[in-house]
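The values are calculated or read from the model by the stated rules, or taken from the named source; none is laboratory data. What you are looking at is a predicted structure, and each value in this text was computed from that prediction instead of being measured. We place every Cβ from the backbone using ideal geometry, glycine too, and count neighbours over all the protein chains shown.
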Amino acid sequence: MTNHTSALNSQKPFLTQYQPSIGTVVVLETLHNFFNEVSSQTVSTELDDPEIGHSFTYESQIRECHLDYSLNSIKRIDKLLLSIKQSLPDLTEDKILSSEDPFYNDSMIKLLSYYLGELIGRARREVPVWHYCSEAHFIGNKKARTDIMSVEFDSDFQDLCDWFIPIQIIYQALLASNNFGVLPAQTVWQSTLDLIPPHVLDGVDFDQPLPPVPTMSLYFDRKKAFANLDKADLAYLQMMPPSWMKDDALYEQLNQLATLYKTGKVVWAHIVQANVMLFSTDDVYSCPAEVVYDPTGRTPVAHLAEIAHELYALKNTTPDANEPEILEYAKHITNERTRMVGFDIPNSITPLPLKSTTMFIWRLHLPNGVLTQAAFPVLISDTTEAVTVLPAKFWDEAYYNKWLEESYIRADMYYGVRKLYESENPWKKNEKYLRPKVAELIDTIPSLANEISFSSYNPISNDIDFVKASIYQSLEDRQEEGISPIKIIIGVLIFVAILKIIKVFI
């Protein structure tokens with residue numbers, strides 16, 4: 001793989017490491033179905049756990065445990081498992097892992113393991129990422145189920161396990177003590193405390209539900225990313241709103257740019273629908289697009305793609321009026337000119353907390369100015385529904401390179417903006433149109449006041465024609481808007497003068 005960005009961005013590869021997973025989708029959907037009392041009617045799909053809803057022998061007892069994500073709910077689980085253990089005194093490792101035993105395919109164990117992993121994540125204040133175990137897992141001399149999942153944390157805790165298998169904790173609490181077992185009998189409570197740093201539990205009310213896990217933001221070291229910026233990067237980070245955006249809801253995205261640059265979290269977004277001009281260099285206009293994303297950051301690109309396709313399939317349809325949200329979205333996606341910002345995807349499409357939003361794609365923030373891939377990183381914030389593309393300069397090398405290698409367009413937007421700023425600086429006389437304002441940006445990112453240095457950047461292309469055409473097209477658009485009223489007035493005055501002259505000769 002060619003490295004186009006070694007001088008551009010040397011950060012930890014946040015787009016290729018510690019990614020959301022399909023396993024996480026399965027866990028979250030399963031828990032959602034259980035808590036909404038639909039587990040026994042779950043319809044299997046490609047991502048569903050096919051076993052949830054089958055042989056759920058202890059469903060009523062689990063509901064009586066009142067699984068509310070409080071720490072003390074673990075003790076209630078222990079009480080349930082102890083009662084099961086006492087009723088089945090011969091429940092050994094060999095038996096529980098035997099495909100002939102009812103417990104082997106009992107959804108109760110898997111459900112409790114999912115709940116436990118998520119609860120431990122809440123207690124640690126770290127996001128659990130679920131993975132199907134890629135290698136055979138053994139307990140004693142018995143091969144464990146092939147569909148069991150492990151939990152991984154991108155942990156900052158020293159001397160604390162950042163990977164474990166929750167279902168194994170449930171097994172330990174169920175197994176009868178014997179002289180042959182590899183796993184010692186241990187309660188879920190004991191195992192849980194081994195995975196949570198004691199200091200994070202200070203002041204926690206064990207009877208109250210723990211808050212949800214933090215947003216799974218893709219790794220982005222702002223301090224490092226912004227440290228070496230300079231005045232030329234002002235132009236790169238600013239946008240010039242087209243004339244049609246004056247009274248458009250998308251203008252709020254430009255108003256929120258400084259906030260998104262300063263505090264925004266990075267998550268994946270996937271295109272649902274976009275203006276056709278964004279896919280080629282034949283047109284240089286920046287345009288709107290419809291995207292779907294997960295504000296919690298826990299949905300992988302592959303699943304976002306599936307939801308995007310399902311949303312796009314609503315185009316030119318008239319869904320059942322009993323689902324007004326979907327009917328509204330179908331009208332919106334069909335119209336192509338309406339705006340829908342921060343739309344919550346209905347549960348009938350996905351139980352995950354996904355959103356669809358209309359956003360403005362500023363083409364100079366893409367690596368080569370065109371939509372080569374359907375997925376890209378965006379900045380989101382808890383304080384606004386506005387979403388914007390993370391400028392490509394701050395992407396990690398692997399995804400930046402992939403974007404370029406899968407496109408025939410060899411252009412470099414970041415280099416083009418800097419070179420144009422250095423040679424002509426068309427932004428200087430048009431600052432009134434730009435967002436964010438210079439003062440606001442420098443206040444947000446002080447390094448933008450640094451003197452220009454271009455020595456360390458090695459562009460993939462020296463061609464700045466697209467950047468130049470895009471900027472001057474935007475300027476021409478705004479200037480025409482600004483002078484058109486003057487032209488009208490001048491035209492009227494000339495017309496009146498001509499009439500007066502004609503009257504003189506009549």
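Checking each residue in the range 167-193 for being over 22 Å from V27 (Cβ atoms), of a type in the set (V, I, T) and either at pLDDT 80 or above or touching a Phe, Trp or Tyr at 6+ places or on another chain (Cβ under 6 Å) (or both) picks out only T187.
You will find that of Y421, Y415, Y408, Y399, the residue that is in contact (Cβ under 8 Å) with a residue 60 or more places away in the chain and out of contact with any strand residue (DSSP E or B) (no Cβ under 9 Å at 6 or more places or on another chain) is Y421 and no other. Checking each residue in the range 414-435 for being surrounded by 14 or more Cβ atoms within 10 Å (Cβ to Cβ) and either outside the structural domain of W244 (by TED's automatic domain parsing) or within 16 Å of L229 (Cα to Cα) (or both) picks out Y414, Y415, G416, V417, R418, K419, Y421.
If only residues of the range 468-482 that are buried (at least 18 other Cβ atoms within 10 Å of the Cβ) and among the polar types (S, T, N, Q) are counted, the one that is modelled with the highest pLDDT is S470. Restricting attention to the range 344-360, the residues that are surrounded by 14 or more Cβ atoms within 10 Å (Cβ to Cβ), under 15 Å from the mean Cα position of the chain (by Cα) and under 25 Å from H32 (Cα atoms) total 7.
Of the set (1) modelled with pLDDT under 90; (2) closer than 21 Å to I77 by Cβ, all apply to W130 but (1). Taken over the range 231-246, the criterion of being of a type in the set (A, V, I, L, M, F, W, C), more than 23 Å from the chain's Cα centre (by Cα) and outside any loop (DSSP other than H, G, I, E, B) is satisfied by A232, L234, A235, W244, M245. Scanning the range 247-285 for residues that are more than 21 Å from L441 (Cα to Cα) and assigned to a loop (DSSP other than H, G, I, E, B) gives D247, D248, A249, N275, S280, T281, D282, D283, V284, Y285. L257 falls short on exactly one of the conditions (1) closer than 30 Å to Q479 by Cα; (2) modelled with pLDDT under 95, and that condition is (2). Scanning the range 21-43 for residues that are surrounded by fewer than 20 Cβ atoms within 10 Å (Cβ to Cβ), of a type in the set (A, V, I, L, M, F, W, C), more than 16 Å from I148 (Cα to Cα) and modelled with pLDDT of 90 or more returns a single hit, F35.
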